[in-house]
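The values are calculated or read from the model by the stated rules, or taken from the named source; none is laboratory data. Bear in mind the structure is a predicted one, so any value in this text is a computation, not a measurement. Cβ sites come from the backbone with ideal geometry, for glycine too, and all protein chains shown count toward neighbours. Side chains included, ligands, DNA and RNA excluded: accessible areas come from the protein's heavy atoms. Shrake-Rupley method; radii C 1.70, N 1.55, O 1.52, S 1.80 Å.
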There are 2 protein chains.
Amino acid sequence: MERITSLQNPRVKQLVRMRDRRPRDEAGAFLIEGYRQIRRALEKSIKLSELYFSSDWFLGENEPALIEQARAAGAQVVELSKDAFSKVAYRERPDGLLAVAPQWHNTLESLEPILNGKAAPFLLVVEAIEKPGNLGTILRSADAAGIDAVIVCDPVTDIFNPNVVRSSTGVLFSVPVVIAESQPVRAWLRERGIRAVATTPSATGLHYDADLRGPLAIIMGSEQYGLSDFWLAESDARVRIPMAGQADSLNVAMATIITLFEAVRQRR
Amino acid sequence: MERITSLQNPRVKQLVRMRDRRPRDEAGAFLIEGYRQIRRALEKSIKLSELYFSSDWFLGENEPALIEQARAAGAQVVELSKDAFSKVAYRERPDGLLAVAPQWHNTLESLEPILNGKAAPFLLVVEAIEKPGNLGTILRSADAAGIDAVIVCDPVTDIFNPNVVRSSTGVLFSVPVVIAESQPVRAWLRERGIRAVATTPSATGLHYDADLRGPLAIIMGSEQYGLSDFWLAESDARVRIPMAGQADSLNVAMATIITLFEAVRQRR
């Protein structure tokens with residue numbers, strides 16, 4: 001087994017670079033840090049290409065078993081010195097485990113086998129979300145609400161950003177996420193007979209009063225700009241969430257979860 | 001006007017110390033950083049005792065007007081050098097404004113004038129929330145849902161923690177927040193005829209099916225331990241949120257907003 005102690009080692013440098021999008025995309029890979037996330041990835045059959053560890057940072061007793069599991073599943077295991085691991089870790093409190101996995105790219109077509117046979121697909125479309133933490137929280141909400149797939153239109157934040165991976169608490173590994181442009185997504189929803197319901201503060205009707213049953217896509221806009229004119233014009237219905245307090249009390253992640261769980265109520 | 005350049009200045013040191021709870025409590029004061037938060041505080045008539053600024057960090061054009069407004073409202077205005085401000089700022093990207101305001105302490109009794117005359121008070125009780133970011137988000141949800149007051153039982157996180165102030169986006173300045181022990185809160189709710197509905201994964205009934213109209217207190221537990229045995233036993237009803245995905249997809253802030261907005265639906 002390889003052991004790395006030098007902070008100048010090319011692998012160490014590459015792991016640090018992979019926090020940024022371009023090197024990540026060039027490598028076609030992304031980072032998964034920490035015991036819990038890596039365990040989740042293995043549970044969901046994410047293929048880890050590399051697993052870096054430093055026992056000096058371990059917090060528990062189960063790390064060696066997880067390392068063995070990753071190795072058995074085909075990961076190259078590399079030991080790092082305490083200092084080298086400190087350099088590659090992006091968390092404030094590292095736990096001595098960092099994996100690299102290949103990126104995947106779902107398409108609208110790849111959703112067909114998932115949606116076929118479903119009488120009422122339940123989808124979430126998010127447009128140009130900026131903050132990785134919001135995107136991760138939105139993925140968690142989608143998972144909790146039983147969404148069949150999340151479609152990210154015109155992405156600003158890469159779903160393989162380390163903060164999306166972390167804040168999704170592993171949901172990224174299980175909920176199908178498609179990256180696509182808005183126009184083909186709109187056409188695809190229409191072809192499949194899926195109603196597009198947009199959430200926007202400018203709507204007159206409340207989300208409570210809209211029919212959220214049947215084949216449904218909830219459409220959410222970006223933090224700063226809300227929904228684009230395209231989605232506002234092209235949606236089948238527009239709804240708003242009633243707001244009692246100051247205008248910005250709900251952020252996009254909060255608005256998403258409110259809308260999704262009203263849909264869950266109606267769809268029971 | 002005083003101008004501070006030394007990083008060893010006692011005021012500079014005290015501002016840094018006030019990020020921690022004990023010095024904050026000893027001073028009976030707390031920190032409000034950034035243009036937006038300070039503007040919100042002034043809008044809500046929070047009395048600022050001190051306002052520190054460094055024009056080297058300003059991001060816009062409106063800072064001098066805000067400083068004048070604070071001075072007119074009685075704040076002592078102190079200029080800091082760029083380096084000195086860098087030391088006192090707790091944000092990653094400071095904008096050159098940091099205020100100090102006196103803490104306040106609401107009691108159950110102080111809620112009486114707010115609740116008197118309300119046929120159906122709508123309260124949120126949270127128990128031992130640990131993460132400042134969650135508490136701030138919960139305050140935002142409460143504001144959006146039109147909650148009359150938030151009661152924090154057996155607090156672990158101080159509501160004047162800088163991260164609560166920041167993540168509440170100013171809601172801390174407007175929604176009444178009471179800190180109290182669980183037992184007197186339970187007795188007070190009973191005296192006032194306010195039903196206590198607890199959210200817990202162990203409940204059999206869903207929150208959708210519970211009656212959330214009338215005088216109501218929603219009870220939420222802590223991140224790690226959920227609700228205490230006390231609140232589970234003493235609540236008038238227990239409900240759970242349906243969960244389609246992995247067990248931990250909903251955190252306490254997300255569970256709170258889902259429950260509050262189902263109550264909003266029923267109470268329209």
Where the second residue is of a type in the set (Phe, Trp, Tyr) and crowded, with 24+ Cβ neighbours inside 10 Å and the first is more than 11 Å from every other protein chain (Cβ to nearest Cβ) and lies in segment A:133-158, which pairs have Cβ atoms under 6 Å and are six or more apart or on separate chains? none
Selection over segment A:132-149 where residues are surrounded by fewer than 24 Cβ atoms within 10 Å (Cβ to Cβ) and closer than 10 Å to A:Thr256 by Cβ yields a count of 1
Would segment A:175-184 turn up any residue that is over 25 Å from A:Arg238 (Cβ atoms) and within 10 Å of the chain's Cα centre (by Cα)? yes
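For segment B:95-122, how many residues meet the condition of being part of a helix (DSSP H, G or I) and either of a type in the set (A, V, I, L, M) or open to solvent by less than 20 Å² (accessible area, probe 1.4 Å) (or both)?
The number of residues fulfilling the criteria is 3.
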Say we look at segment A:156-166 and pick out the residues that are of a type in the set (S, T, N, Q) and out of contact with any strand residue (DSSP E or B) (no Cβ under 9 Å at 6 or more places or on another chain); which of these is least open to solvent (accessible area, probe 1.4 Å)? A:Thr157
Looking at this structure, is B:Glu92 within 14 Å of chain A (Cβ to nearest Cβ), out of contact with any Gly (no Cβ under 8 Å at 6 or more places or on another chain), open to solvent by 30 Å² or more (accessible area, probe 1.4 Å) and without any contact (Cβ under 8 Å) to a residue 40 or more places away in the chain? yes
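Show me the helices (runs of 4 or more DSSP H) found entirely inside segment B:167-268 where at least 1 residues are touching a helix residue (DSSP H, G or I) at 6+ places or on another chain (Cβ under 7 Å), open to solvent by less than 20 Å² (accessible area, probe 1.4 Å) and away from chain A (no Cβ under 14 Å).
Details: elements: B:182-191, B:229-234, B:252-267.
By residue number, B:182-191, B:229-234.
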Search segment B:1-39 for residues being among the basic types (Lys, Arg) and out of contact with any Phe, Trp or Tyr (no Cβ under 6 Å at 6 or more places or on another chain), and hand back the single one that is farthest from B:Gly136 (Cα to Cα). B:Arg3
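Taking B:Glu68, is it surrounded by fewer than 18 Cβ atoms within 10 Å (Cβ to Cβ), acidic (Asp, Glu) and more than 25 Å from the chain's Cα centre (by Cα)? Before you say what the answer is, go through the steps one by one.
On the way: surrounded by fewer than 18 Cβ atoms within 10 Å (Cβ to Cβ): yes; acidic (Asp, Glu): yes; more than 25 Å from the chain's Cα centre (by Cα): yes.
Taking the combined requirement at face value, the residue satisfies it.
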Only residues that are farther than 20 Å from B:Ser141 by Cβ and modelled with pLDDT under 95: list them for segment B:193-223, please. B:Ser202
